[in-house]
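Q: Have a look at this one.
The values are calculated or read from the model by the stated rules, or taken from the named source; none is laboratory data. The model shown is predicted, which means the values in this text are computed figures rather than measured ones. Counting neighbours? That spans all protein chains shown, and the Cβs are built from the backbone with ideal geometry, glycine included.
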Amino acid sequence: MTRKLLYMALAGSLLLTGCRLENLSAEQINLITSSVSSTFKAARPISEEEEYYVGRAVAAKILTSYRLVNNRNLTDYVNLVGQAVAIHSEKPFTFGGYHFAVLDSSEMNAFACPGGIIFITRGMVAAVKNEDELAAVLAHEVGHINHRDGIGAISQSRWTEALTTIGSEAAKTYGSKDVAKLVGLFEGSIDDVFKTLVVNGYGRSQEYAADQASLNYLTATGYDPHALKAFLDRLVSRSKGSEGGIMKTHPATRDRVDNVAANMPQQQADTAHFKERSRRFASMMGK
């Protein structure tokens, strides 16, 4: 079995289907790990396949706190816009593909789970003024995925220890303590990403880079890159006295707005289709 399939077996079974490693016999665990035990003894980057399964687990954790909006038309529309900008990113295709969904929450926020799952809240959708601004928000999140910011939140020491545990000779005779340690390490990795997305947010350099990516994707797609600055300008005005939602995880500082303005592409947007986009947005939003 290849090393990428190992994590698929572990992460897919443990974190997604609810199966526990306790249910596997020592012989089964040994079968899974024997062919790659030596490989995992050294630290290595997380692969795209592993990133996908971590992202799915993070998305599942987010959905324990939020419900999805029961509006297929809105979900399809957000996916239409999101896929349009994603296809013009550095990674137009990820291992599991890009998937966009709307969370039933009035707070303004958006989350990019590793691998390609992006959530945007109902409150955020209501806050954008047009399709170009919606595209700007989604493109920013696509930027985080392209830069692997979410997966970078996992403690390197935790990941290394998890891989070492998997690849060790102890895997042949896992006892309950070894099993608990391994499960805890993987669950801890998911918590690392979740806390960054939902609680702590990213650092300034990561936000700047995601903003730059948004400008690039918007321009390449034909959307107006100025839509990002227009949206951030409003966030700065709203941020006074507000600490929740996007104000906490994506701080809209004046420095960030100035950085976007300084890096604004010179290429003009596709104004020929702006009216069409406006009609489509108004129809979807009931405006």
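Q: Among what's in region 53-95 and is part of a helix (DSSP H, G or I) and in contact with a Ser or Thr (Cβ under 7 Å, 6 or more places away or on another chain), pick the residue that is surrounded by the most Cβ atoms within 10 Å (Cβ to Cβ).
A: Going residue by residue through region 53-95, those that are part of a helix (DSSP H, G or I) are 53-62, 72-86.
Checking the rest, the ones that are also in contact with a Ser or Thr (Cβ under 7 Å, 6 or more places away or on another chain) come to 54, 84-85.
Details: Val54: 26, Ala84: 19, Val85: 29.
Only one residue tops the list, namely Val85.
Q: Residues that are modelled with pLDDT of 90 or more and over 20 Å from Val54 (Cβ atoms): does region 177-187 have at least one? Can you show your working first?
A: Restricting attention to region 177-187, the residues satisfying the condition of being modelled with pLDDT of 90 or more are none.
Within region 177-187 (the criterion being modelled with pLDDT of 90 or more and over 20 Å from Val54 (Cβ atoms)), the answer is no, since none of the residues qualifies.
Q: Could you pull out every one of the strands (runs of 3 or more DSSP E) wholly within region 98-145 that has 1 or more residues that are surrounded by fewer than 23 Cβ atoms within 10 Å (Cβ to Cβ) and of a type in the set (S, T, N, Q)? Outline the logic, then answer.
A: On the way: elements: 99-103, 110-113, 117-121.
Correct list: 117-121.
Q: Looking only at region 150-159, decide whether some residue is under 28 Å from His226 (Cβ atoms) and either outside any helix (DSSP H, G or I) or not hydrophobic (A, V, I, L, M, F, W, C) (or both). Spell out how you get there, then give the answer.
A: Within region 150-159, the subset under 28 Å from His226 (Cβ atoms) is 150.
Subsequent filtering for residues that are either outside any helix (DSSP H, G or I) or not hydrophobic (A, V, I, L, M, F, W, C) (or both) retains 150.
Yes; the residues of region 150-159 include at least one that is under 28 Å from His226 (Cβ atoms) and either outside any helix (DSSP H, G or I) or not hydrophobic (A, V, I, L, M, F, W, C) (or both).
Residues are listed down the side, and each one gets a yes or a no for (1) outside any loop (DSSP other than H, G, I, E, B); (2) modelled with pLDDT under 95; (3) surrounded by fewer than 18 Cβ atoms within 10 Å (Cβ to Cβ); (4) of a type in the set (Ser, Thr, Tyr):
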| residue | (1), (2), (3), (4) |
| --- | --- |
| Asp224 | no, yes, no, no |
| Leu232 | yes, yes, no, no |
| Leu235 | yes, yes, no, no |
| Arg238 | yes, yes, yes, no |
| Glu243 | no, yes, yes, no |
| Lys248 | yes, yes, yes, no |
| Arg256 | yes, yes, no, no |
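Q: Cβ-Cβ distance below 8 Å, separation of 6 or more or different chains: which pairs start in region 97-111 with a residue that is farther than 15 Å from Thr75 by Cα and end on one that is of a type outside the set (S, T, N, Q) and part of a loop (DSSP other than H, G, I, E, B)?
A: What qualifies is Gly97/Gly116; Glu107/Gly244; Glu107/Gly245; Met108/Gly245; Asn109/Gly245; Asn109/His250.
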